[in-house]
Amino acid sequence: MNCYEHTFITKQDLPDSQVKRLVSKYEGIINTNSGKVLKTEEWGLRNLSHSIKGSKKGFYFHIKFTGVGKTIEELEKVENIDETLIRFLTVRVKKHDMEKSYFEKKDLQKK
């Protein structure tokens, strides 16, 4: 099994319930196609560097998982026809870093 990191961006105007269903849907696709989801991170609403499909902002989600070629093939086949997604990217990595969270929300209160 190979290690992968998958990031996708949804439109900013989706309701929370639809976003949760979308994340569950893609986790389900990974799990049913010889993959195993290790960690899912919600990076939140972020500005895009340029307008994509008329959107200037999007919700970012990041999934770390293990899988095979079929897993990626099925995942990206479904994402290609999903109108709620702006972009997606899958990258194969040598090893997962489960400790580091690059976009964790920091506490702004002074102690």
Q) Picking from LEU89, LEU108, which residue would you name as being open to solvent by 70 Å² or more (accessible area, probe 1.4 Å), modelled with pLDDT of 90 or more, out of contact with any Pro (no Cβ under 8 Å at 6 or more places or on another chain) and of a type in the set (A, V, I, L, M)? A) LEU89
Q. For the range 1-56, which residues satisfy the criterion of being basic (Lys, Arg) and either crowded, with 16+ Cβ neighbours inside 10 Å or assigned to a loop (DSSP other than H, G, I, E, B) (or both)?
A. LYS11, LYS53
Q.
Step by step: first the residues of the range 75-86, then only those that are of a type in the set (Asp, Glu) and open to solvent by 50 Å² or more (accessible area, probe 1.4 Å), then the one that is farthest from the chain's Cα centre (by Cα). Which residue is that?
A. GLU83
**Q.** Single unsatisfied condition, LYS64 versus (1) more than 22 Å from VAL93 (Cα to Cα); (2) open to solvent by less than 70 Å² (accessible area, probe 1.4 Å); (3) under 12 Å from the mean Cα position of the chain (by Cα)
**A.** (1)
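The values are calculated or read from the model by the stated rules, or taken from the named source; none is laboratory data. These numbers come from a predicted model, not from an experiment. Using ideal geometry, Cβ is built from the backbone for each residue, glycine included, and neighbour counts are taken over all protein chains shown. These accessible areas exclude ligands, DNA and RNA; they are computed on the full protein's heavy atoms, side chains included. Shrake-Rupley method; radii C 1.70, N 1.55, O 1.52, S 1.80 Å.
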